[in-house]
Amino acid sequence: MARLLYRLGAGSARHPLLVITAWLVLAAGLAAAAIGGMRFADGGFEIGDTESSTALEVVEREFPSPQPEPGTGSLQLVLFTENGTPLGAAQRTVVADVLARAAATAHVAVVSDPFDPARPSVSPDGTTAVATLSLRELTEDNRDAVHDAVVALADQARDRGLGAEVGGSLSDPVPEVFGPTEIIGAVLAFAVLLLTYGSLAAAGANMAGALIGVAVGVLGVLAFSAFSPIGTMTPVLAVMLGLAVGIDYCLFVLARFRAELRAGRPVEDAIGRATGTAGSAVVFAGSTVIIALAGLAVVGIGFITEMGLAATVGVAVAVLMSLTLLPAALKLMGRKALPRRERAGGTPVRADRIGFLDRWIKLVVRRPVTVLVGAVAGLLVLAVPVLSLTTSLTTPGGEDPTSTQRAAYDQVAEAFGAGSQGPLVVLAQGDGVRARLDEVTSGLATLHGVASVVPAGVNPTGDTALLQVVPTTGPVDERTEQLVHDIRDRADAVPGVTLLVTGQTAIGIDTDERLSTALVTYLVVIVGLSLLLLIVVFRSLLVPLIATAGFLLSLGAGVGVTVAVFQWGWLDPVFAAPQGNPMLSLLPVLIVGILFGLAMDYQVFLVSRMHEAHVRGLDPVEAVLDGFGRTAVVVVSAATIMTAVFAGFALSPSSLIGSIGLALTAGVVADAFVVRMIVVPALLTLLGRAAWWLPEWLDRLLPQLDAEGRALDESSPAQLVHQTGDRLRPAVPVTVGSAAQQSAQPGQLEVADPSHQGPAAP
């Protein structure tokens, strides 16, 4: 592995302009393809192979309705009396006038009459009327203007003494995945890079590489949508993860490159060795992320599989970018990757150790039990809110409580009943449907939690009927879920008739149950595959188990914080997304997949260096101290960058993007700064040599991947030149006491040492 990656990195360095041009041409080509052909699929979060989805297919077949034309949509104008009295003649006149103005508004095709005796939409108490405005010829350019015009009509109604709100929504636009908050996160990440490197050239190359990588990945996904339309949320995860891991992977390779330069190696050899050593860790870390994301297919829900595969593309491109594009950029940069003072021959200003981190790890190995108990207890406290986690598909009630959409939702729920916002559609099938429809209707009406049952029609052959069942409770209420199960329990109660339940509320309930069931299977698959990979990398049984246990602690903390903020409403003024609502159904499984991959990233980067120190013969405590000291600064910088990127997404006004961003922010902080900096070193100290135990028979069976790059140290510079075809100068040996080493101060990233039997992992 190390020699292969050495050749890849050194080869890219020999032809830097060709490699960089190839990446830019690829990005431009994908951009042209995406702009000219990207397509987004309509629809929400429906899933297949459930009763609700099966029944929905029957409804669409037996009761076909015209497909909405492109550029169409609808809004609701909710008009009501402020004092709770029924709408009188004067108020009805105002309603009629406002609706007449609505009908004359540009892009409004049809306005329903709430007082139409055939299809009334006035609340039972007579206080509220709801008119539906069917819209046409909508575009991205006029969407906001049309909505504003309808809001202006509501303002006119208010001026004339009525309450008025605008509900419903226009067709969803493609979400903004790189808006102001995400840009702020990227700027903060660049600031951390600049502080870490002390070199504008190095920080710029790192950031530029990550941005080009995420552009290629996301544009590739969008270009592919020309052949198979994707959901509007699909690119979000690819942007979020592609940018975060792209920055981190470049950081690890670039940090190792600087260490090799400080060790006196020529630029091309330093690039090859950085790619062969740090690049190995990047490949293994990226593999765990890819396993976790591709494993989302196990859940069996199309839109989640789609998001996972799109993010997999983003991560894979980030890995490839750090092994090819970055080495090419490093060749052009040369020694400018080092701070100016070092290039001038002065004392190195960057280092592999920070005084605080040195003192911290010494405290951890001196009092492992104390710090371990404290860290675990703190993470468990953060995880407490998970016990009250509730999930549902997104609903209009999830809008910002201050918005007119949420006010309209609440008014309709109050006037028409909470269940009016999530009616159930019951499909009755059988030869006796027409004759027994009244019996079916009366039977459903007797169920607890049913507000009303209204037959909606019978198909021409008379063997299928539709009924609308309005619950007394809202679509995310547990009692509504129980009602769905009660109806299904009496599916065959009427002889000759079978009942199926569908509709958005039932689909949401089925989605929740499918996700809950699939989550366990998903965990088993990704944890099992990743454990196998980590056993091969670390040649240990306990270290991978420690990594997995640490992930569970991080997961609990990340989801717990998210529940406290988005479900309980803590820190409400800080976050733009709606709060006080159930979490989105797909959040837990997505967070499990993403955070598991990221947690294994930090485990590989940090513990691989400890493993190498142990292989060199250091005792367990010394190996922990040595590995932590050489990698902690880079891991802290990487985690800080990833936190900055995810925090930008946490401030998104989208409930999905915001909750994922916050969960990942809290999860990364917990994993990188608590689990990997406290829990893992403390456990390795307590376990001693047992932590690195592997049965001899298993060691013989497992492939030797050389994650530490020992093969590079075992090869002379001449051999490496011969093997790769390089015309490199022989590496300059640096001995203890040499000028290069004497110039190294505490805090330097890496200095070569003859006693070193293998290059450090990043």
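Going residue by residue through segment 596-607, is there one that turns out to be more than 19 Å from residue 315 (Cβ to Cβ), crowded, with 21+ Cβ neighbours inside 10 Å, in contact with a His (Cβ under 8 Å, 6 or more places away or on another chain) and β-branched (Val, Ile, Thr)? Give the steps one after another, and end with the answer.
From segment 596-607, those more than 19 Å from residue 315 (Cβ to Cβ) are 606-607; that's our starting set.
Filter again for crowded, with 21+ Cβ neighbours inside 10 Å, leaving 606-607.
Those still in the list that are in contact with a His (Cβ under 8 Å, 6 or more places away or on another chain) too: none.
No: segment 596-607 contains no residue that is more than 19 Å from residue 315 (Cβ to Cβ), crowded, with 21+ Cβ neighbours inside 10 Å, in contact with a His (Cβ under 8 Å, 6 or more places away or on another chain) and β-branched (Val, Ile, Thr).
For a quick check of your reading of the model, give me the residue pairs whose first member lies in segment 450-471 and is at positive phi, whose second is of a type outside the set (D, E, K, R) and surrounded by fewer than 17 Cβ atoms within 10 Å (Cβ to Cβ), with beta-carbon atoms closer than 9 Å and at least 6 apart or on different chains.
Close Cβ pairs satisfying both conditions: 457/63; 462/435.
This table checks each residue for (1) part of a helix (DSSP H, G or I); (2) modelled with pLDDT under 90; (3) of a type in the set (A, V, I, L, M); (4) out of contact with any strand residue (DSSP E or B) (no Cβ under 8 Å at 6 or more places or on another chain).
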residue	(1), (2), (3), (4)
297	yes, yes, yes, yes
322	yes, no, no, yes
328	yes, no, yes, yes
347	no, yes, no, yes
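Of the residues 527, 589, which single one is under 20 Å from the mean Cα position of the chain (by Cα), more than 30 Å from residue 425 (Cα to Cα), assigned to a helix (DSSP H, G or I) and among the aliphatic types (A, V, I, L, M)?
Details: 589 fails: more than 30 Å from residue 425 (Cα to Cα).
Only one candidate passes the filter, namely 527.
Name the residues in segment 661-699 that are of a type in the set (D, E, K, R) and either touching a residue at least 12 places away in the same chain (Cβ under 8 Å) or not assigned by TED's automatic domain parsing to the domain that holds residue 377 (or both), would you? Walk me through it before giving the result.
Filtering segment 661-699 for residues of a type in the set (D, E, K, R) gives 671, 676, 689, 696, 699.
Selection gives 671, 676, 689, 699.
Being surrounded by fewer than 24 Cβ atoms within 10 Å (Cβ to Cβ) and part of a loop (DSSP other than H, G, I, E, B) is the filter here; which residues of segment 640-655 pass it?
Answer for segment 640-655, where residues must be surrounded by fewer than 24 Cβ atoms within 10 Å (Cβ to Cβ) and part of a loop (DSSP other than H, G, I, E, B): 651, 653, 654.
Being under 30 Å from residue 475 (Cα atoms) and either in contact (Cβ under 8 Å) with a residue 24 or more places away in the chain or in the same structural domain as residue 231 (by TED's automatic domain parsing) (or both), is that true of even one residue in segment 601-622?
Taking segment 601-622 as the starting set, the residues that turn out to be under 30 Å from residue 475 (Cα atoms) are none.
No - not one qualifying residue is present in segment 601-622.
Starting from residues that are at pLDDT below 90, more than 30 Å from the chain's Cα centre (by Cα) and polar (S, T, N, Q), keep the ones in segment 48-80 and report whichever is surrounded by the most Cβ atoms within 10 Å (Cβ to Cβ).
74
Assess whether residue 684 counts as being touching a helix residue (DSSP H, G or I) at 6+ places or on another chain (Cβ under 6 Å) and at pLDDT 90 or above. So that I can check it myself, show each step before the final result.
Working: touching a helix residue (DSSP H, G or I) at 6+ places or on another chain (Cβ under 6 Å): yes; at pLDDT 90 or above: yes.
In short, yes.
Considering only segment 453-485, state which residues are assigned to a strand (DSSP E or B) and within 13 Å of residue 421 (Cα to Cα).
First pass over segment 453-485, keeping only residues assigned to a strand (DSSP E or B): 453-458, 464-471.
Result: 468, 469, 470, 471.
What are the pairs, 6+ residues apart or on separate chains, where a residue within segment 88-108 that is within 12 Å of residue 150 (Cβ to Cβ) has its Cβ under 6 Å from a residue that is in a helix (DSSP H, G or I) and of a type in the set (Gly, Ala, Ser)?
The qualifying pairs are 98/157; 105/149; 108/102.
The values are calculated or read from the model by the stated rules, or taken from the named source; none is laboratory data. Quick caveat: nothing in here was measured; it's all calculated off a predicted structure. Positions of Cβ are backbone-derived with ideal geometry, glycine not excepted, and every protein chain shown enters the neighbour counts.
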